[in-house]
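Every number here is computed from the coordinates shown, using simple stated rules; none is lab data. Note that the structure is a prediction, hence the values are computed from the model and not measured. Neighbour counts run over all protein chains shown; Cβ positions are idealised from the backbone, glycine included.
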Amino acid sequence: DHDRAAGACAAELPASGDGAHHAVPAAHHPTSAALKRPGVRLDRLLMGVDVRSVDGGDPAATEVTRVTHDSRQVTPGALYCCVVGSRVDGHQLAGEAVGAGAVALLCEHAVDASAVQVVVPSTRAAMGPVAAAFYHHPSHDLTVVGVTGTNGKTTTAHLLAAIFEAHGWSTGVLGTLSGTRTTPEAPELQARLAAFLGEGRAAVAMEVSSHALVQHRVDAVRFSAAVFTNLSQDHLDFHHSMEEYFEAKSRLFAPGRSDVAVINGDDPWGQRLLVMVPGARSFGLVDAVSAEVGPRSSTFLWRGQAVRLGLGGRFNVANALAAATTAEALGIPALVVAEGLSTATPIPGRYESIDLGQDFSVLVDYAHTPDALAQVLASAREGLAAGHRLTVVFGCGGDRDREKRPLMGEVATRAADLTVLTSDNPRGEDPQAIIDEVLRGVPADRRSRLVVEVDRHAAIARAVDQAGGGDLIVIAGKGHETGQEFAGRIEPFDDRAVAREAIRAAMRAAGGCS
């Protein structure tokens with residue numbers, strides 16, 4: 001996610017690091033009815049906040065009707081939070097916010113505006129507690145589970161929701177598939193939690209990004225459980241090193257932040273985190289007894305209960321174990337856990353099968369990191385019969401972690417029989433320049449197994465056209481996304497729809513059904 005043009009949000013990368021932006025669903029938009037609440041006295045919002053000074057009026061006599069950091073969302077009675085972003089400084093928009101009706105400002109220094117000015121050391125650090133207070137701390141009345149890690153957050157959150165629903169807990173899900181950011185900014189996050197509570201939800205399964213942890217978005221959320229899936233290279237343009245990235249993720253497991261910690265003991269970084277978090281529960285693939293893993297589904301025994309998971313891939317078994325162990329820690333019986341996992345439906349763009357009756361297989365997945373791509377291709381290879389070919393179509397996003405590009409090229413050409421290298425979301429970069437960086441990681445002896453097709457539409461068609469009976473194609477990187485981003489504009493593009501179009505064309509050409 002980036003700074004909003006007029007909202008002074010600090011920059012965060014999209015969930016994948018290579019994801020396109022999507023419109024926030026209308027029901028979750030900051031102007032929705034869920035945000036319209038009775039006014040709250042400003043002094044009550046500041047309880048527990050480190051306040052340096054207050055000028056321009058009396059907080060006890062100031063009624064706040066909205067908390068926002070986006071100047072475009074200011075309405076009469078709002079408290080406008082002046083966030084210093086990477087592109088825009090919210091302090092510069094304070095006058096505009098007051099002109100739109102803001103009665104108070106949360107800021108890091110005094111500004112030239114006629115409103116109550118509450119000066120704090122960090123607007124971001126104060127914004128979460130203030131927003132939580134405005135919405136009467138909704139997380140205290142919900143079972144909130146936060147899932148963090150490089151890969152698997154979305155799937156784990158959805159599997160948790162399936163288990164909770166099987167247990168009779170109406171559940172809301174927050175993450176990559178529900179809004180512009182993996183984890184919303186604090187005012188929207190608290191509004192969403194309050195809306196879930198108002199709808200009668202009992203639980204929330206939410207993805208927690210490293211950006212959200214560094215930028216204090218979840219500081220005022222009470223977590224019933226915190227889950228760590230894994231850690232591998234991503235977002236190093238933001239975090240600069242794996243150590244810094246790990247430190248950001250580990251903040252979710254700081255003392256007092258959650259009641260229960262659940263950590264992947266198969267992951268090297270998870271093993272390190274287990275040492276840091278006394279009392280944490282560990283999970284690993286050894287917990288899945290008699291596992292049989294296929295491209296579309298898997299079966300295993302967990303705590304003596306049979307699970308039929310409608311998701312393929314060994315990595316999804318790990319995600320299921322993360323959800324199962326967390327639910328168990330929250331007191332949900334093993335039988336209900338198994339029932340919930342077995343009824344979970346496939347997640348859009350996550351190892352999603354595209355089947356129109358063709359004699360080869362096509363999978364669309366969100367894999368956008370070297371480790372995720374390696375796992376997806378390894379799982380695809382497991383389900384491929386001997387003598388058949390594995391093809392991968394992928395690219396890397398522009399304006400994102402450049403260090404992973406050659407690593408992605410090495411992984412793809414090592415794991416697949418044919419690699420079709422193409423564009424992902426080039427954004428402000430030249431697509432061919434991104435491809436050239438990916439190619440730097442491809443050994444010379446593998447170049448014969450790689451073709452370059454900059455146009456993603458043509459690349460998918462090319463992969464489909466060369467597929468033979470029993471072959472398998474993995475289209476990686478964009479998953480559920482419905483747009484492709486080029487230099488500030490987003491063009492409609494859905495890997496799943498383009499794959500279906502290519503499959504139909506191939507079947508027509510072969511004289512088959514369409």
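Tabulated data for the structure shown
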item: Residue among ILE435, SER448, PRO406 farthest towards the positive dipole end of the stretch 406-448, charges placed on Cβ; result: SER448
item: Residue-averaged 222 nm ellipticity for the chain, from DSSP H runs of 4+ at -39500 (n - 2.57), nearest 500; result: -9000 deg cm²/dmol
item: Per-residue HN-Hα couplings for the stretch 164-173 [Karplus 6.51, -1.76, 1.60; θ = phi - 60°; Hz; x = Gly/Pro]; result: 4, 5, 5, 7, x, 9, 4, 10, x, 10
item: Nearest-ten-degree value, helix 495-509 long axis tilted from longest Cα axis of the chain; result: 20
item: Full-stretch length increase - VAL51, VAL452 - with 0.36 nm per residue and alpha-carbon distance subtracted; result: 138.7 nm
item: Dipole magnitude of the stretch 111-259, debye to nearest 20 (Cβ charges: Lys/Arg +1, Asp/Glu -1, about Cα centre); result: 220
item: Relative contact order %, the chain, counting alpha carbon pairs below 8 Å whose residues are six or more apart; result: 12
item: Charge-dipole axis of the chain as Lys and Arg at +1 and Asp and Glu at -1 on Cβ define it, positive-most pick from GLY168, VAL120, VAL293; result: GLY168
item: Taking the stretch 197-323 and dividing mean pair separation by its residue count, relative contact order in percent (alpha carbons under 8 Å, at least six apart); result: 18
item: Packing-based ranking, highest mean first, of 50-60, 430-440 given that Cβ atoms within 10 Å are counted; result: 430-440, 50-60
item: Chain lengthening between THR343 and ARG414 when straightened (0.36 nm per residue, less Cα-Cα); result: 22.0 nm
item: Distance between modelled label sites at VAL286 and GLU199, nm, 7 Å Cα→Cβ extension; result: 4.0
item: Listed peptides 207-217, 479-489 by packing density, highest first (mean Cβ within 10 Å); result: 207-217, 479-489
item: Efficiency of FRET from Cβ geometry, SER353 and LEU301, R₀ 35 Å, rounded to 0.05; result: 0.90
item: Potential lengthening between ARG504 and ASP112 on full extension [0.36 nm per residue; Cα-Cα distance subtracted]; result: 134.9 nm
item: Label-to-label distance, nm, for residues given as ALA61 and ARG41 (7 Å Cα→Cβ offset); result: 1.3
item: Correct choice for volume of the Cα convex hull per residue in Å³ that was computed from the model, options (i) 178; (ii) 143; (iii) 133; result: (ii)
item: Förster-model FRET efficiency, 25 Å R0, ARG272 and GLU403, C-beta, rounded to 0.05; result: 0.70
item: Size of charge dipole - the stretch 238-325 - debye, nearest 20, with Cβ of Lys, Arg +1 and Asp, Glu -1, no other charges; result: 260
item: Degrees, to the nearest 10: 123-134 long Cα axis against longest axis of the chain; result: 80
item: For the chain, size of Cβ-based charge dipole, Lys and Arg +1, Asp and Glu -1, in debye; result: 760
item: Positive-end residue, the chain charge dipole about Cα centroid, Cβ charges, pick of GLY477, MET206, GLY488; result: MET206
item: Length-normalised contact order for the stretch 47-179 - Cα pairs under 8 Å, 6+ apart - percent; result: 20
item: Simple label model, 7 Å out from Cα along Cβ direction - ARG440 to GLU244, nm; result: 1.9
